[in-house]
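Written below as C-alpha cells is the structure these notes are about.
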Ligand code: DON
C-alpha cells in the first residue's frame with residue numbers, strides 16, 4: 001500500500017486547524033519558528049519513504065534524539081542501565097526536578113531531561129563522545145551524510161541552560177553522573193541541536209519497526225530490547241501527556257520541543273511529523289493531530 005494519499009489528506013486537514021500552538025520560547029533560536037509550518041514522512045522497513053509538506057526541511061530534533069541515545073546505550077550496557085534510570089512515566093513536565101530528591105537521584109525514565117542526561121553520560125563514558133556517536137548513527141540510518149549539529153541552537157540553549165545544569169549537578173551529588181557536568185551539558189546540548197528532516201528521522205527510527213535491526217541488516221538491539229524501547233516511548237515519550245497521546249494515537253512516540261514527533265508501527269512503518277507550534281506540555285499540536293489522523297485513517301496502531 002502507498003501512504004501518499006493518506007499523507008495528503010492529513011496535510012489538508014492540518015491546513016484547516018485554527019490553532020497550532022506556540023513555538024518553544026525558552027530556546028531563543030527556536031522561538032521565531034512559524035507554527036503554521038508542517039511536514040510529515042512515513043518510512044517502510046525497506047527504506048521506501050513517503051512525504052508531504054516540508055518533509056525534507058531540517059528542523060531541531062531536540063528530545064527526539066533521546067530515543068537514539070537510549071538505544072545506543074542499551075545496545076552497549078544492556079539491563080545495567082536500568083539501575084541508573086527508571087522506566088515509569090513521571091506525570092511531570094520534561095524538565096521537572098521535583099521527583100529527583102525523594103527518589104535518590106534516579107530519574108523516572110530516560111526521556112525526561114534528567115533521565116536523558118543520565119543516558120548521555122553513560123553513552124559518553126562508554127564511547128568518549130556521545131554526541132558524535134549519535135550523529136554517526138543518524139547519518140548512517142537516514143542515508144544522509146549531511147546531518148549536523150546546529151551550534152547556534154546548542155549555544156542558545158547553553159545560555160539558558162540553568163535548569164539542565166541544576167538537574168545534572170543534583171544527580172552528580174548522588175553519584176549518578178560520571179562526567180564533569182560542563183562536559184555532559186555540552187554533549188547534551190549538541191545532541192539536542194541536531195538538525196534533521198522528517199524523512200531523515202523516519203528513516204533513522206526504522207530499526208524500531210525492524211525489531212532492532214539496522215538499515216544495513218546488522219542488529220543494534222535484540223528483539224526484546226526493541227520492544228522495551230517502544231514500550232518506554234509509549235508510556236513516557238510525550239511526558240505528562242503520554243496517556244492522552246496513547247489514547248489518541250495508539251503508537252509509541254517521542255516528541256521534541258523543536259516540534260518533531262517520531263512514532264513506530266512495529267513491523268510496518270515509522271513516522272516523523274513536524275509542526276513547530278507546541279501545546280503547554282511541549283508536544284507539537286499539529287504533530288499529535290496528524291498522528292491521530294494517521295492511525296484513524298489507516299487503522300494502524302499497536303492496539
Ligand atoms: O533539555 C531541553 O530543554 C531541550 N534541549 C530538549 C527538551 C525537549 O525537546 C523536550 N521535549 N518535548
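In degrees between 0 and 90, to the nearest 10, how far off the longest principal axis of the chain does helix 113-127 point, with axes built from Cα atoms? Result, in degrees: 70. The calculated Kirkwood hydrodynamic radius for the chain is 18.7 Å, given to one decimal from all distinct C-alpha pairs. The C-alpha atoms of the range 26-165 occupy a region whose extents along the principal axes are 45, 35, 29 Å, arranged from largest to smallest. Computed from Cα atoms, the angle from the helix 65-77 axis to the main principal axis of the chain rounds to 60 degrees. Across the alpha-carbon atoms of the range 97-229, the computed radius of gyration and Dmax are 15.7, 44 angstrom. When each of 69, 296, 120 is scored by the number of other beta-carbon atoms lying within 10 Å, the sequence from fewest to most is 296, 69, 120. Across the range 167-256, counting alpha-carbon atoms alone, Rg and Dmax equal 15.9, 42 Å.
Remark: 210, 22 ranked as 22, 210, counting other beta-carbon atoms within 10 Å and listing the fewest first. With the highest mean first, a sort of the peptides 31-38, 280-287 on other beta-carbon atoms found within 10 angstrom per residue produces 280-287, 31-38. With axes computed from alpha carbons, what is the tilt in degrees of helix 130-142 against the longest principal axis of the chain, rounded to the nearest 10 within 0 to 90? Approximately 20 degrees, to the nearest 10. Sorting 17, 1, 233 by the number of Cβ atoms found within 10 Å of their own Cβ, with the fewest placed first, yields 1, 17, 233.
Any read-out appearing in this document is the output of simple, stated calculations on the displayed coordinates, not a laboratory observation. Nothing here was measured: the structure is a model prediction, and the numbers come from that model. FYI the Cβ positions are ideal-geometry reconstructions off the backbone, even for glycines, and counts take in every protein chain you see.
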